[in-house]
1. If the reach is capped at under 14 angstrom between alpha carbons, list the aspartates and glutamates near B:K758, excluding any in the same chain fewer than eight residues apart.
2. How big is the dipole moment of region B:233-300 about its Cα centre under a simple scheme where the beta carbon of each Lys and Arg is +1, that of each Asp and Glu is -1, and everything else is neutral? Debye, nearest 20, please.
3. So which lysines pass the test for B:K248, namely a Cα distance under 16 Å, with those fewer than 8 places away in the same chain ruled out?
4. I need the trypsin sites (Lys or Arg not before Pro) found in region A:145-213, filtered to DSSP loop residues with at most 15 other beta carbons within 10 Å of theirs.
5. For region A:207-239, list whatever residues lose no less than 50 Å² of accessible surface once every protein chain is in place, relative to that chain by itself, with the probe at 1.4 Å.
6. Would you count, across chain A, every pair of lysines whose alpha carbons are under 17 angstrom apart, provided the pair is eight or more residues apart or spans two chains?
7. Just report the Cα centroid separation between region B:90-134 and region B:923-937, whole Å.
8. With a 1.4 Å probe on protein heavy atoms only, tell me which residues of region B:547-573 lose at least 20 Å² of accessible surface in the complex relative to the chain by itself.
Amino acid sequence: MSMKPVALILHAAGINRDLDAAFALEAAGAEVRIVHVNQLRADPGILRRGRILAIPGGFSYADALGAGRLFALDIASFFKDEVSRFVDEGKPVIGICNGFQTLVKAGLLPGRRFLPADGDERRFTLSDNRNGRFECRWVTLKAEKSPCIWTQGIEEPVVCPVAHGEGRFLASSQAHLEALMAANLVALRYTLPTGEPAKELWPHNPNGSPFDIAGICNPKGNVLGLMPHPEDNVLTGPAGRSYRGGRQGSGLLLFKNGVRHAIDQGAIYG
Amino acid sequence: MEHQLPVHRFTIRELKPGAKSSALIVREAQRLGFEGIRAVVRSEIYFVRGNIAPEELGFLGRFLLSDPVTQTCEIHTLPLTPKGKDYVVEVAYHPGVTDPVADEILRSGLELGLRAIEAASTGVRYEIGCEKDYSLSPGDLDILASRLLANPVVQRWALGAVEPAFPGRNTEVPREEWIPIHTMDEEGLAELNRARRAALDPEEMKAIRDYFAAQGRACSDVEFEMIAQTWSEHCFHKTFKALIDVEKGQAGGLPGQVDNILKTYIKAATDEIDAPWVISAFKDNAGIIEFDKDFDLSFKVETHNHPSAIEPFGGANTGVGGVIRDVMAVSARPFAVTDVLCFGIPGRGEGTSALSVEQIRSGVVAGVQDYGNKMGIPTLNGSIHYHEKYAANPLVYCGCAGIAPRGAFFSEPRVGDRILVLGGRTGRDGIRGATFSSMTMDGSTLETAGASVQIGAPLVEKKLSELILSARDAGLYTGITDCGAGGLSSAVGEMASELGADVELSEVRLKYPGLAPWEIWLSEAQERMVIAVPPEKLTALAELCTANDVEYCDLGFFTGSGHLLVRFNAKPILDLDCEFLHKGMPRRRMKAAPPPRLEDRPEPKPLPGSRTPGIGELFPMIMGHHAISSKEWAIRRYDHEVLGATRLGPFSGRDQTGPSDAAVAVPLETGMRRGVAISNGFNPRYGEADSYNAAASALDEAVRNAVAVGADPDRIAVVDNFCWGDPLKPGNLWTLLRAAKACKDAAIAHRTPFISGKDSFNNEFEGPDGEKIAVPPSLLISAMGIVPELGAVRGSDFKRSDSLLYLVGEFAVVYEASVLMDILEDRPGLAAPAFSAAAPAVYRAFHRALKAGLVAASHDLSEGGLGAALAEMCLAGDLGAEIELEGLRASLRKPAGPEGEGSEASFDGPAGQALLLFGETNGCLLAEVEKNNVSAFERQFAGLPLARIGKTSQAPLLRVCDGESLLASVSLEELRRAYLRESAEILGQAEPSLAIVREANREGR
C-alpha cells in the first residue's frame, strides 16, 4: 500500500485541538479528514472509510456535567456499533485529553473486559486534578511495556504539554486499578525530566494520577487514551518549539507509529 | 399549565468530599473574621421539570448527571422536607441568567430519549464545616453567602434548600412606550436622562428633542435608547473626538486647543508613518496588517473594566469573548489571546466594593481562563499589575490576534441583502451596558447595574467562529460585524449606517419571552454576530448553520433609503435618519488644565543613600516585589499551547519558568517560515508620575519586548488602550492629552503605526471615606510584529556558561516611580523614565544581531532594571552570572529627565550602586553573546551605546562586583524563592514549586 491511510478526526461542539491533531497526523503521513459528529450521525458509514480514528482535545459541550461525558453520550447514542466495529477490527484509535475522557466515559477504554457484566456503571474515570486546578505545563512521558501500538519502540522520553483540569485517572477500587496494571495497559507514565518515576510528585505528575498514569490502552493495544498533547510537539527546526530539554518534535513518534500500523494493516487486509 | 409540572432535584456529592473543599473560600472566610471555618464543601445541584418516570430519573442521575466512580446522586421530587443539616448555603442563578449547563441537560436529555424534560436549571450546595464548638448564626451565613459564595448580581441563595429558577412563562408581549420628548423643557430632559440612565450631556438631550420637535412627534423608548447608546462615550468616543481648550498648554508641550485627540495624535502618527503594510487602521473591528504575501494579521485589544468590577468572572469572561468576536468580525481565524490585568494590592486600600481585591483577582483570572481555554485559543501573553488605586476598579484588557488569507475581509452589504443574526439567543443580559460603561461607579453600582452584567457561553462562540470561517470560504456573506456594546442596535445600526434597513424585531430568537422591544434591540447578550447575506445564498447558509448547531434568524434587509426602520410585529417602532443617528450628536467641548498636584509638586528626591539596603539584600526584595514576581499561578491556568503554533510561550528556559518578553506564534497554515510576535507595555507607577513619559515608556516597552523575541522593528504595529478617570475633570484631560502626544511622538520615532485603539473613562470608585478615587492614568500599548526568521527567536534564558553579557541602549536610569523606590519609600513617584532617542537605531541593530545568530539569549530591561533582567535570565537558564559595575558606570551618559541634575558621581556609593542595578530606563536590552561571536556582535553596534558588563557562569550564583570589590553574591535558590513566593502563596502552597522542579532537574543538565 503506497496510498496514505485516511485518518478521521472526530469533531464536536467545543473540540479545539482538531487542527493540532490533523497537523500531527498529516506530518506522520496520514491523509486527514475532520468529521463533525452531525455528519457522522447522518452517515455512520463514513467511519468505514477511515483507517485511523482520532478524538482530539478540547471542551466538548463545554465540559458540562463532566469532561467528555456528553461527547461519550453522542457516541453511545448515535454510532456505538460503528465505533465498536472500528475498535474490534484493530484499527488505530487515539483519544487525546478530552478524547481520552470521552473514550473512558463511553466505556471504550480500557475496554469491554473491564466493564461489569451486569450494569452500566463504569469502573474508571478521569476526575478533577488533585490540586483542583486547570494547568498548562510541559511534562515528560515514558512509554511503558504494553501492547499499545502507538507507543511501541519508543525508548526516549516524549516531552509535550498538558492542558487540563480533569486528568486524574481513577478507578472505583484499588483492585480494578491493579488489574489494569497487571494487564500492562498503562501505556504512558509521567516521569521526572531525568526519566525517573515521578512518584505522583506535582508538577511532574500534573494531576495526581495514581502510578503516574498518563495514558492507557485496551488489551488489544490499538486504542490509546492519554491526557498530554504529543500533537503539540511534532515540529523540528526553527519553527519547532525549542527549549533546553524540550526534545523538539518528540511527540511525532506516536503518530508515526499509528500511521505505520494502519499502513501495515492495509497491507494485511488490503 | 407548565407551572404545575413536578420538579426533580439531583444532588451530586463527591465520594471523597475533601476534593471539593475550596481553599480560597476557606481563606477568604477566615479573612472575613470567621476563623473557625475549616472546610467549605461544594456539591452540584440539578433541577429538571417534567413528568419523568422514576426509572428514567434514576437513569438520568446515574448515567448523565453523576460520575459513578467518584460521585453519588440523591434524587428528590420537590418540595423537599427540610433536614437539620448544620450549615448549608445553596446558590442558584437568577431567572434568565445564561446557564449553559442547564442548556446541555435539556439537549442531552432529548438525546437520551427523555422527552418529558421540559426545563432544567442548576445550583450549587455549600456545606460549611467548622471547628468543634464554633458556631455560625443565620446572619453569619448570609454574610458568607453574599460575600463569598454567591454574587448577588447574578445569583440568589438560601440557607438550606434553594428553589430552582426557571425563566418566566410570561406570555404577555410588552409594547413600546412613547416619550413626549418633543415638548420637554430642560428639566424634563434632565429627568428623562436620569430615569433611563442615559448618561448624556444636556446639549445632547436637547439635540434629540429638537430632532423629534422638527418632526412634531413623540419618540419611542426604542428610539431614545438607541440614540443614547449610539451617542454613549463607550460607542462614540466623545472625549477622543471633542474640541478641547487647553489651559497652560505650553507647560505640557500642548497647543491651546486640541481638535479631536484621535485625529491629532493617534491617527496622525499612522498617517505620517504611512507604512505600506498597514491594510486597515481604525476603520474596522480590528486593525489589519500584512503577514506575508498570502496572509494578513488582525489585532484588537479592548477593556472590560466596569463589568469585571461588579461580576469579575462574567466581566472578564465576556471581555475575552468580545475581543475574539472583533477578530471574527474581520473574517479572521483567531489564533492568540492576550490579557493585561490590573488589581488593587491585597490587604491595602480597599474600596467600598462588596468584593475584596482577592475575589476580584481570582474571579477575573478564572473568567479569562474559562473563555480562552474553551475557545481553544492560546492565551500567549499578558501581565498582571498591582496598584492600590485599582482596588474596586480593576482593569481588564483583553486582546486577540487573527489570521486570514489576503483579501478575505470585506464588509460591503448591498441593497436587498438579508440581515441575519447568528449565534446565541437574546435575553436581558447587559441591557444598557454601553451607557453603564460610561458612568462612574459608586456604592449603589452593584444594585442598579444588575442587568448590565453579561455571562458568557464560550461553546456557542466556538461553534460560531467555525461557522463564520466556513461561510467566509464559501462566500456566503457580503458584510459582517459583531454584537458588542449596544447589541443589535449598534451592530445593525452601524452596518446600515449608509444604506438604511428595514428590521422586524419579533424575528429575534429569545432566551425567554417577555422582553420589551427596546430590550431586544439593546440587549448585549453575548456570542452573536450580524451578517449580510445575498438572498440567493440564504439556503446554503441555513444548511451550514444546521450542520454546525448554530441558530440564526433573519431580521430584514438593507433598503438603500438611508433610514433605519425597526418594526415589532409589523408595527414601526423606530424610524430614524441614519445621518442624525451617526452624525447628529453635538460636538463636545471640553477643558483641560494641569492637575493641581503638578503645580506645586516637590522636586524629585535622590535615592536615600544612607538608608539603602545592600545589594545582596535588595535582590530578593526586588524579585519578590509584585511588579516582578512570577505570575505562574495565573499563567498556567491558561492554555498557551492549543493550536500547536506556540513558538515562544509565556515561559522561557529549561524549566519553562522564566518570563518571556513576548510571545511568538507560527500559524500552521502559513508554511512556518515566519512568526508573529505579540507584546505589551504598561506601567501604572509611571502613569501616576508623568503621563507623557509613561505613554512613551509603554510604547517603547511594547516595541522593545517584540524586538527582544525577534520581531523586525520595521514591521511592528501598535494598539493603544487608554483607561482614565472622569474626563470632565480638566486635570484628567490634561494627563490624557500629554499621553496622547507621547503616543504620537514615540510611534513616529519608532516608525510603528497605530492600527487600532480604545478608550475607557470614568474608571473611578468610592474610597473608604467616600471620596472618588480614579485609577492612575493607565495606557496599555500592545504590539504585533513580524518575526521574519524563526531562528532569531532566542528566549530570555541563558544558554551556557562563560558567555559575555552586553547591555545595549542608552542606559538612563531613573529612581522615581521605580520598583526600587516602591520598596524603599511609601509615596508615589514624581518622574518616569524618558524616551530614548537612540532606541530606534539600537533596536534595528539588535534585530540584525539576532538574525545573524549572534545572540544566545535576550531580555529587555523594564521594571526592576538591569538587576531584575539579569536575575530573570539566570533563573530561566538555571545558570549564574557575574557582572561588574565600574565599566558600566564609565560608559554612562547623563540621564535624562529631572534626574539629569544629578551628576555621574551619584552612581557612586551604595545608593549609586543600587541605582545602577535597579534604576529603570527605556531603550535597553541585555544580551548573552557567546565568545566567538563577540567581535561580530560589537560591530553591529558601531556608534551606538553598548557596554560589556560581565559573563555567565556555571555556579548558581549572581555575583556583583564594583571594581575589585565583591558587592553581593546571591544564590539562584534565594532569588528563585523570592520570585516564586507570591505565586506559591496564592496557590496555597507551603513552598515554591520550582525548588522541587529544579532539584529534580539537577542531574539532567
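The values are calculated or read from the model by the stated rules, or taken from the named source; none is laboratory data. Here the structure is a predicted model, which is why all the values come from computation and not from measurement. Cβ atoms come from the backbone with ideal geometry, glycine included; neighbour counts cover every protein chain shown. The protein model used for the area step is the full one, side chains on, heavy atoms only, and it has no ligands, DNA or RNA in it. Shrake-Rupley method; radii C 1.70, N 1.55, O 1.52, S 1.80 Å.
1. Counting by Cα, and skipping residues close in sequence, B:K758 has these aspartates and glutamates nearby: B:E233, B:D284, B:E302, B:D326, B:D720.
2. 280
3. Qualifying lysines at Cα under 16 Å: B:K591, B:K729, B:K741.
4. For trypsin sites (Lys or Arg not before Pro) across region A:145-213 that sit outside H, G, I, E and B with at most 15 neighbouring Cβ atoms in 10 Å, the list reads A:K145, A:K199.
5. With the partner chains in place, region A:207-239 has these residues losing at least 50 Å²: A:P238, A:A239.
6. Eligible lysine pairs with Cα atoms under 17 Å apart amount to 9.
7. 59
8. B:A547, B:D549
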